[in-house]
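Here is the structure we will look at, set down as structure tokens.
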Amino acid sequence: MAARPRIDAALLARARRALPRRDARLGALMRAVGPCGLRRRGDPYRYLVRSILYQQLAGAAARAIEGRLHARFGGSLPPPAALARAPLPTLRAAGLSRAKSLAVRGAARAFADGTLRARRFPHLDDCAVVAALTQLRGVGEWTAHMLLMFSLGRPDVLPVGDYGVRKGARRLYGLAELPAPKELEALAEPWRPYRSIATWYLWRAAEVLPP
């Protein structure tokens with residue numbers, strides 16, 4: 001089975017040409033922001049654990065917890081089997097809540113026992129990846145979308161529940177309210193198959209567009 005498309009320099013160049021032709025407002029935002037900085041950030045196991053750690057926390061607090069967790073395993077994230085066996089007190093001492101401790105161990109166990117296989121992810125379609133990940137405790141659709149974009153480099157992901165994306169769309173199109181998921185999907189239809197790139201620009205709309 002062939003690997004799915006992923007973000008690289010050539011795909012970003014195609015998106016840079018195509019998106020402004022399909023959506024003039026988005027094109028203006030792209031020109032104001034500059035080159036897209038969307039890049040892949042780590043393998044699925046490491047990115048998933050990191051995403052769980054960062055859920056609902058400010059960046060500085062999450063980085064501190066991540067650093068303490070790594071310190072307890074010799075300075076880096078341990079292999080899945082080792083993290084799956086980690087006692088709850090060890091994880092709690094690093095600053096993880098009980099819920100996150102259980103979620104992290106569950107994610108590690110899924111990779112350790114083969115329920116999730118990092119080598120298979122590049123060959124699964126986006127819906128299959130979301131379905132597999134959201135079976136895990138503490139992993140919702142938003143986390144799955146972030147993994148698709150930032151770990152697997154999928155080019156056509158639209159995280160309709162992301163507040164920053166909805167806020168960016170509201171500002172870009174002058175909407176009275178934050179768009180509902182269905183409304184955002186309709187707005188984003190012309191962006192296919194580059195919705196991940198458009199999403200990255202919407203996250204930066206507040207930096208360059210007036211309220």
(request) Treating the angle as unsigned and between 0 and 90°, give the value, to the nearest 10°, between the Cα long axis of helix 24-33 and the longest Cα principal axis of the chain. (result) 60 degrees
(request) Give, as a single signed number, the net charge of other residues whose beta carbon lies under 13 Å from the beta carbon of residue 207, with Lys and Arg counted +1 and Asp and Glu -1. (result) +3
(request) Net charge near residue 127: determine it from the other residues with C-beta under 15 Å of the C-beta of residue 127, scoring Lys and Arg +1 and Asp and Glu -1. (result) 0
(message) Leaving out ligands and nucleic acids, and using a 1.4 Å probe, what accessible area per residue does segment 74-134 come to in Å²?
(response) 48 Å²
(request) Within the set of other residues whose C-beta is less than 13 Å from the C-beta of residue 109, count the net charge using Lys and Arg as +1 and Asp and Glu as -1. (result) +2
(message) Please list 98, 166, 154 from largest to smallest accessible area, probe radius 1.4 Å, with all protein chains kept in place.
(response) 98, 166, 154
(request) Compare 162, 113, 43 by solvent-accessible area with a 1.4 Å probe and give them largest first, with all protein chains kept in place. (result) 113, 43, 162
(message) Roughly how far apart, in whole Å, are the Cα centres of segment 137-165 and segment 1-52?
(response) 12 Å
(message) Considering only protein heavy atoms and a probe of 1.4 Å, how much of the accessible area of segment 133-211 is carbon and sulfur, as a whole percent?
(response) 52 percent
(message) Quick check: the distance between the Cα centres of segment 112-135 and segment 169-189, to the nearest angstrom?
(response) 30 Å
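The values are calculated or read from the model by the stated rules, or taken from the named source; none is laboratory data. Computed from a predicted model, the values in this text were never measured in an experiment. Every residue, glycine as well, gets a Cβ built from its backbone with ideal geometry; the counts of neighbours run over all protein chains shown. In case anyone asks, the SASA skips ligands and DNA or RNA and just uses the protein heavy atoms, side chains included. Shrake-Rupley method; radii C 1.70, N 1.55, O 1.52, S 1.80 Å.
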